[in-house]
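Chemist: Pasting a structure below so you can have a look.
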Amino acid sequence: MPTDTPLLQPTRLLDFTAGSIQDLIDGRGWRDLDQHRRIGAAYDFVRNQIRFGYNRRDDIRASDVLADGYGQCNTKATLLMALLRGLDVPCRLHGFTIHKALQRGVVPEAVYALAPAEILHSWVEVRVDGRWVNLEGFILDADYLAALQTAFPDRQSLCGYGVGTDDLGTPQVAWRGGDTYIQRTGIARDLGLYDDPDTFYRDHRQAFGPLRDWLYSRLVRHWMNARVGQIRGGRVPSIPDLPAPHTVRRRSTPQPGASSSHET
């Protein structure tokens, strides 16, 4: 196991010395909290103030995720790690792949077949009282998760729409000092532990290929973000092999990073 020292260092992606991140930490008064509440403050911010959505790629700086105001598992993990290290909390990254079925419903059916069978995934592990705690439940913001709970009120096991859980009604997502999860049941392979996301992305890149990578960054992710916004607003599309979702329209602000030119 690596020592705690490298697990507190800034890196190119974990740029917690950036002015925007320092201003956030100072402005919220998080340095005045004890360790448990520091972790909770950073975790809750990333979970709900950085809404679920798809950035241009995985390996962007924490300050860029903060500026975007949205992220998915990998980019939100980068921001959470940067905030934790900026608060002197040791943390590391655990890399995985997930089955692409977990993204069905967010990935439009028209392009679902083009998605790779496995998608890069990660969660954050934080050192608390001499033990490692797994943090994955920060990926989906509360409004998005609530929309899925409303759409599937009688279902506990769900793998789709960005969720992988056997407890949809009461998932283990709130910070209470222990593990949190929201996509764990969709995991395909364990890629191991990394001191930082920089090293993880040097070893593992999403297997899109040049054309699919261009299509994702320029077109598909905007389409996906529009669907995320629609789901958050209560318009949950049907996907194969799942019962039709209940439709309850909710008031929702536009999803950052979405393009209004795509239809669902």
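Quick note: the coordinates plus some simple rules give every number you see, no bench work behind them. Just so you know, these numbers come straight off a predicted model, no measurement behind them. Every residue, glycine among them, receives a Cβ derived from its backbone with ideal geometry; neighbour counts consider all protein chains shown.
Chemist: Who wins for biggest fluctuation among 229, 160, 29 in a Gaussian network model of the chain, springs between alpha carbons below 10 Å?
Modeler: Answer for the Gaussian network model of the chain: 29.
Chemist: Within 13 Å, Cβ to Cβ, of residue 200, how many net charges do the neighbouring residues add up to if Lys/Arg are +1 and Asp/Glu are -1?
Modeler: Numbers: positive: 12, 92, 202, 205; negative: 58, 59, 125, 190, 195, 196, 198, 203.
Computed value for this residue: -4.
Chemist: I would also like to ask the following. Calculate how many DSSP beta bridges within region 5-232 are antiparallel, expressed in % of all such bridges and rounded to the nearest 5.
Modeler: Taking every DSSP beta bridge with both residues in region 5-232, the antiparallel ones total about 85 percent.
Chemist: What value, in deg cm²/dmol to 500, does the helix sum -39500 (n - 2.57) over DSSP H runs of n ≥ 4 give at 222 nm once divided by the residues of the chain?
Modeler: Theoretical 222 nm ellipticity from helices: -8500 deg cm²/dmol.
Chemist: Another question, then. What Kirkwood hydrodynamic radius do you get for the chain when you take the inverse of the mean 1/r over all pairs of distinct Cα atoms, in Å?
Modeler: Numbers: mean 1/r = 0.0540 Å⁻¹.
Value: 18.5 Å, from the Cα pair sum.
Chemist: Oh, and also: Taking only Cα atoms, what is the 0 to 90° angle, nearest 10, from helix 19-28's long axis to the longest principal axis of the chain?
Modeler: Once rounded, the angle reads 80 degrees.
Chemist: Which residue, 56, 221, 205, tops the fluctuation ranking in a GNM of the chain built on C-alpha contacts under 10 Å?
Modeler: Looking only at 56, 221, 205, the largest GNM fluctuation is found for 205.
Chemist: May I ask you to compute the full-extension gain from residue 190 to residue 132, defined as 0.36 nm times their residue separation minus their alpha-carbon distance, rounded to one decimal in nm?
Modeler: Values: separation 58, 0.36 × 58 = 20.88 nm, distance 1.67 nm.
Stretched out fully, the residue 190 to residue 132 stretch lengthens by 19.2 nm.
Chemist: By how many nm would the segment from residue 32 to residue 244 grow when fully extended, if each residue of separation counts as 0.36 nm and the alpha-carbon distance is taken off?
Modeler: 71.6 nm
Chemist: First select every other residue whose beta carbon is under 11 angstrom from the beta carbon of residue 49; then total the charges, Lys and Arg +1, Asp and Glu -1.
Modeler: Working: positive: 28, 47, 51, 76; negative: 44, 141.
Summing Lys/Arg as +1 and Asp/Glu as -1 gives +2.
Chemist: If Lys and Arg each add +1 and Asp and Glu each add -1, what is the summed charge of the other residues whose beta carbon sits under 9 Å from the beta carbon of residue 239?
Modeler: Numbers: positive: 104; negative: 109, 241.
Surrounding charge for residue 239 is -1.
Chemist: Just to be sure I understand: with springs between alpha-carbon atoms less than 10 Å apart, which residue in 59, 154, 213 has the highest mean-square fluctuation in the Gaussian network model of the chain?
Modeler: 154
Chemist: Sticking with this structure for a sec: Of 110, 24, 97, which is farthest towards the positive pole of region 5-232's charge dipole, taken about the Cα centre with +1 and -1 on the beta-carbons of Lys, Arg and Asp, Glu respectively?
Modeler: Among 110, 24, 97, the one farthest towards the positive end of the dipole of region 5-232 is 110.
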